[in-house]
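Working notes for the structure below.
Laboratory data are not the source of any read-out in this text; all were calculated from the coordinates shown. Everything numeric here is computed off the predicted structure, so don't read it as measured data. Positions of Cβ are backbone-derived with ideal geometry, glycine not excepted, and every protein chain shown enters the neighbour counts.
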Amino acid sequence: MKYFAHETSIIDLDCEIGDNTKIWHFSHIMSGCKIGFSCNIGQNVVISPLVELGKNVKIQNNVSVYTGVICEDDVFLGPSMVFTNVINPRSHVNRKNEYLQTLVRKGASIGANATIVCGNEIGTYAMIGAGAVITKPVKPYALVVGNPAKQIGWVSENGHKLEFNEYGIAFCPETRQEYKLTDGKVQRIK
């Protein structure tokens, strides 16, 4: 075993857990999930069956990652944020065959207490503000806030708000990486 699991955590059979991953107090890793290397699973987290986490995913305390969720590399899930996996849940109706996939792309961050309604894609390096409710797909590099969430700008790969000039060019104030805005889409210029 090349990962750390706190003695109070529960890890079911048939899980794949990458090297250097840390699983903290009272967390439950359920069978059939795949967790990449160098992930950090905070306290009181549930990773449901068949969930896939890429490398270096950070999950803060009190998050349930339900079946149907896929997080690519370098995703950040803030404290007590929420995923759903059924669009119309009812206690008396079994909808386990109706789980909708939610895809969180590389580098995206989801703020504390945000809710992600199932069936949506969170774009590469998007930033979801604390408490936001996501009801539709989020574009790569988009900054979204509110309930329901609305896009209020764009962010760099390091999470800084981008200010585009008249030519549609912006620079990250931290890294000086260059970004181009064209037809409502942002891309990093290599």
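Taking only pairs that are 8 or more places apart or on different chains, how many Lys pairs in the stretch 4-157 have Cα atoms under 15 angstrom apart?
Here the count comes out as 10.
Quick check: net charge around residue 71, other residues with Cβ under 13 Å of its Cβ, Lys/Arg +1 and Asp/Glu -1?
Overall, the nearby charge balance is 0.
With charges only on Cβ, +1 for K and R and -1 for D and E, what is the dipole size of the stretch 4-157 about its Cα centre, in debye, rounded to 20?
Result for the stretch 4-157 is approximately 560 debye, rounded to the nearest 20.
Normalise the Debye intensity by I(0) for the chain, one equal point scatterer per Cα, no solvent, then take log10 at q = 0.17 Å⁻¹ and round to two decimals.
-1.06
Compute the relative contact order of the chain as a whole-number percentage, counting only Cα pairs closer than 8 Å that sit 6 or more residues apart in sequence.
10 percent
Arrange the peptides 42-54, 167-179 so that the one whose residues have, on average, the most other Cβ atoms within 10 Å appears first.
In decreasing order of mean packing, 42-54, 167-179 become 42-54, 167-179.
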